[in-house]
Structures are given as structure tokens and as C-alpha cells.
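Have a look at the structure below, then the notes.
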Amino acid sequence: MPARVIGEETRNEVPGSYALPIGPYDGTTVPAQQVEGALEQRAYRLEAPGVTTLALLDPLREQVRAAGYEILFECEARACGGFDFRFNTEILPEPDMHVDLGDFRFLSARKGDEAVSILVSRSAGAGHVQITRVTPAPLVAKPVETEVDLNEPVVPPVSEAPSAPSAIGLALDKVGAAVLDDLVFASGAATLSNGDYPSLAAVAAWLEANPDGTIALVGHTDASGTLAANVALSERRAEAVAEVLVQTYGIDPARVAAEGVGFLAPRATNQTEEGRQKNRRVEVIVTSTR
């Protein structure tokens, strides 16, 4: 590491898979190679006030080259695709891994069956580094010997999309993101339907309790219409929600970003009205806790 480590988080999957980015966001997705094996993802917080992202990445890049890896792709925030690259790649959530959407760098490399990617960013007083490695491993997991009673009904797990105010605050603290499930948009409309929305009060309460925190509101649509129109519509929906937070709850607009991804990330089928309504949503993502 190019500086002293003051925090670390890890995620492991064996066997696991990883979409290794090999190009910038192209307007639809981030080009990637699917690699499989033992997945290890580590996020480090470094004591590096004033250190640039290039200074953070440079020694790590040299280590990758010295280890015999071939660098496939390297970019900085704007060239990567900014927001779209960040939210179309696999990154540990805030606060485990902080990414400043205007100041980050990324590198991906391969060596035979092994793959590695490095993402670096910074906050006011620290550097942030995520290293993702995939190494060869058996792709068949050992079966778990579990006795199953076929006469007992199987209850599916509850989707992790908290809508209760307390659940939203907890989700923002624990995983850095939550779906604002109680918001209602008519198909093709950017304005919120009339009604009270406890989820917005919960977001405002979280921002009040975390005065250094910033968020991004990400709008989503159903699949009715073209991609370009839906991206624009989803961004207007996010902006409408941001306006409520600013106008009704007095949130500083500098702490709230609004983005849209159209119908690229559905969470239900677009073949039914119920599914389309679930897809017309806004999610809140913590972008900084400093």
C-alpha cells in the first residue's frame, strides 16, 4: 500500500465470479470479461491527506506489472464514464469503499486464469483503494447436506428493499443504499403522485444525523419507450425527489445528486403492470460520509 492502512473490509466468494471491466461505459453498459474462481475483494482506507489518486494508483500499477499481469484497461473518472461506470461495476458499498464520482481511477489486468482490478479514490482526509482478485479455484462447491421436508411449504426470502423509515436509515448505515419503495410515479411522468412519503422523511433524518454525508438519488423507469427517453425521464424523477428533500426538508442541494439509468436495472418483469410499477422507482445511495 502507498500509505498507512487505517481501515479494511473484505468480501470472499469461493467459487465466485466477477465482471472484469475492460473498457469505459459505452452508453449502455461497461464492457467486461466474466472471470470465475476464488474471488477476493478488499477495500482499504489509507492515511493519505492531500495525496492524489494518481499517486495512490502508481505504485500499485507497478506491483501489478512486476507480478506478470498484462494491463487490459486503465482510466480516470471522466474517461471511465463517471457515475455510469461507478454504478455499473462491482464495488463494495459505502462506507466500506468510498468513491468520489469526480475523482477516481481504475485499472484492470489479467495473467492467464487470474484477474485483478484496482479502484482508487479519495475523500477530504483519506485515500480509498479497492483491490479485486480472482484466482483459479474449483467451480463446484461442496454440497451441503441439508434434510428437506417436501411437505413443508417453502417461504421465499424477503427482498432487501426496505421502505419503513427505520429500515431505510439502517440500510444507509449498513450497506449504503436503499430503495424508496413508497414513491409513486405514473408511467411516463416525472412528478410524484400526491401523497405522503415517509421514505423521504427517513432520508432527510439520515442526512441530518450525518452532517458530512452526501447522497445520490438514482431514478429508474419501466421499459416503455426508448432508452434515451427513459434515461432522461429517470433523471427528472430523481431531480423531483431531490427537490422535495431541498424544498420540504431544507436539505442543502450540494449534498444531493440526481442521476438516471432508465430501464437498465429492472427489479421486476416489465410484462405486467405490477412489475412496471416496481421498476418505476428511485434509489438512494450514500456517496460520501467523510
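The values are calculated or read from the model by the stated rules, or taken from the named source; none is laboratory data. Just so it is clear, the model here is predicted, and its values are computed rather than measured. In this analysis, Cβ positions are derived from the backbone assuming ideal geometry, glycine residues included, and neighbour counts consider all displayed protein chains.
Things to note:
- Thr10 being of a type in the set (S, T, N, Q) and part of a strand (DSSP E or B): yes
- Flag for Pro162 being at pLDDT below 80 and either over 23 Å from the mean Cα position of the chain (by Cα) or not basic (Lys, Arg) (or both): yes
- Residues that are touching a residue at least 12 places away in the same chain (Cβ under 8 Å), surrounded by fewer than 20 Cβ atoms within 10 Å (Cβ to Cβ) and not in a helix (DSSP H, G or I) within region 260-284 comprise Leu264, Ala265, Pro266, Arg267, Asn270, listed in sequence order.
- All of (1) at negative phi; (2) surrounded by fewer than 18 Cβ atoms within 10 Å (Cβ to Cβ); (3) of a type outside the set (A, V, I, L, M, F, W, C); (4) free of Cβ contacts under 8 Å to residues at least 40 places away in the same chain hold for Arg86 with one exception: (2).
- Residue list for region 175-198, restricted to those being more than 26 Å from Ala229 (Cβ to Cβ) and either crowded, with 18+ Cβ neighbours inside 10 Å or not β-branched (Val, Ile, Thr) (or both): Gly176, Ala178, Asp196, Pro198
- Residues of region 170-211 satisfying the condition of being part of a loop (DSSP other than H, G, I, E, B), within 13 Å of Ile285 (Cα to Cα) and β-branched (Val, Ile, Thr): Val175
- Phe106 falls short of the stated requirement of being in a helix (DSSP H, G or I), outside the structural domain of Phe263 (by TED's automatic domain parsing) and either crowded, with 22+ Cβ neighbours inside 10 Å or at pLDDT below 90 (or both).
- Selected residue [buried (at least 21 other Cβ atoms within 10 Å of the Cβ), assigned to a strand (DSSP E or B), in contact with a Leu (Cβ under 9 Å, 6 or more places away or on another chain) and in contact (Cβ under 8 Å) with a residue 12 or more places away in the chain] from Leu57, Leu20, Leu72: Leu20
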